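The values are calculated or read from the model by the stated rules, or taken from the named source; none is laboratory data. Please read all numbers here as calculations on a predicted model, not as lab measurements. FYI the Cβ positions are ideal-geometry reconstructions off the backbone, even for glycines, and counts take in every protein chain you see. What goes into the accessible areas is simple: the full protein's heavy atoms, side chains included, and nothing from ligands, DNA or RNA. Shrake-Rupley method; radii C 1.70, N 1.55, O 1.52, S 1.80 Å.
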Amino acid sequence: MSQPSKLILLLGGARSGKSSTAERMAHQIGGESVLYVATAQAFDDEMRERIRTHQSQRPRGWQTLEAPDHVADRLHDMPLLAVVLLDCVTLLASNALLTLPDPENCDQQDANAVVFAEVEPLIELQKSANSTWIVVSNEVGMGIVPPYRLGRLYRDALGAANQRLALAADEVYLLVAGLPWKLKG
């Protein structure tokens with residue numbers, strides 16, 4: 001018997017405990033039947049170390065898909081496990097923006113379009129999956145206004161994507177100091 005599809009969104013600031021909470025939830029729901037979708041790219045030593053740390057904390061039985069872009073396309077033909085954990089939309093949005101021909105000179109409509117081109121297919125795929133999806137993203141609306149244009153475009157596009165994900169989600173949590181605050185569901 002298959003389980004119904006469910007979307008859980010975890011939002012929070014940097015270092016708020018989103019990833020560790022997502023991993024605990026995934027293990028509680030799916031045990032070893034978890035597909036971890038990693039969107040990070042290692043462009044420098046510090047990021048390589050962060051990725052290694054994340055990898056070492058995951059249970060050995062979990063499968064990992066490294067997908068910095070076109071995540072829905074990469075997931076479409078895969079057998080999905082009980083839980084799909086996507087960590088994170090924050091980096092996925094950044095990766096998407098950097099695919100624009102001239103990210104520094106795009107407008108908000110272009111920024112939103114390229115980010116939504118990643119998020120909307122994921123929402124549609126999740127609806128048809130018989131699995132629980134746990135999606136991690138940074139809440140970027142509580143910090144300072146970025147001093148440069150691309151940062152503002154990014155913040156606004158990610159904020160819009162987070163709102164879309166929250167609307168589609170069955171449950172939404174805000175992580176503060178490692179504590180999950182249930183906002184929806």
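Things worth noting here:
- Single unsatisfied condition, Asp45 versus (1) within 24 Å of Leu125 (Cβ to Cβ); (2) over 17 Å from the mean Cα position of the chain (by Cα): (1)
- Note on region 77-92: among residues that are farther than 19 Å from Pro147 by Cα and in contact (Cβ under 8 Å) with a residue 60 or more places away in the chain, the one that is surrounded by the fewest Cβ atoms within 10 Å (Cβ to Cβ) is Ala82.
- Residue check, Leu183 more than 24 Å from Ala38 (Cβ to Cβ), of a type outside the set (D, E, K, R) and not in a loop (DSSP other than H, G, I, E, B): yes
- Residue that is modelled with the lowest pLDDT [pool: residues in region 1-26 that are closer than 21 Å to Pro59 by Cα and surrounded by fewer than 17 Cβ atoms within 10 Å (Cβ to Cβ)]: Arg15
- Flag if Ala72 is modelled with pLDDT of 95 or more and of a type in the set (Gly, Ala, Ser): yes
- Scan of region 21-72 for residues that are without any contact (Cβ under 8 Å) to a residue 24 or more places away in the chain and in a loop (DSSP other than H, G, I, E, B), ordered by number: Ala42, Phe43, Asp44, Arg60
- Residue in region 76-83 that is in contact with a Ser or Thr (Cβ under 8 Å, 6 or more places away or on another chain), over 24 Å from Arg152 (Cα atoms) and either polar (S, T, N, Q) or assigned to a helix (DSSP H, G or I) (or both) present: no
- Selection status of Ala38, surrounded by 15 or more Cβ atoms within 10 Å (Cβ to Cβ), farther than 20 Å from Gly185 by Cβ and in contact with a strand residue (DSSP E or B) (Cβ under 6 Å, 6 or more places away or on another chain): yes
- Restricting attention to region 101-160 and to residues that are aromatic (Phe, Trp, Tyr) and part of a helix (DSSP H, G or I), the residue that is surrounded by the most Cβ atoms within 10 Å (Cβ to Cβ) turns out to be Tyr154.
- Qualifying residue in region 5-19 (condition: assigned to a loop (DSSP other than H, G, I, E, B), within 14 Å of Val84 (Cα to Cα) and in contact (Cβ under 8 Å) with a residue 60 or more places away in the chain): yes
- Any hit, region 162-171, residues being open to solvent by 60 Å² or more (accessible area, probe 1.4 Å), touching a helix residue (DSSP H, G or I) at 6+ places or on another chain (Cβ under 6 Å) and not in a helix (DSSP H, G or I): no
- Some residue of region 123-135 being free of Cβ contacts under 8 Å to residues at least 60 places away in the same chain and either farther than 16 Å from Leu10 by Cβ or aliphatic (A, V, I, L, M) (or both): yes
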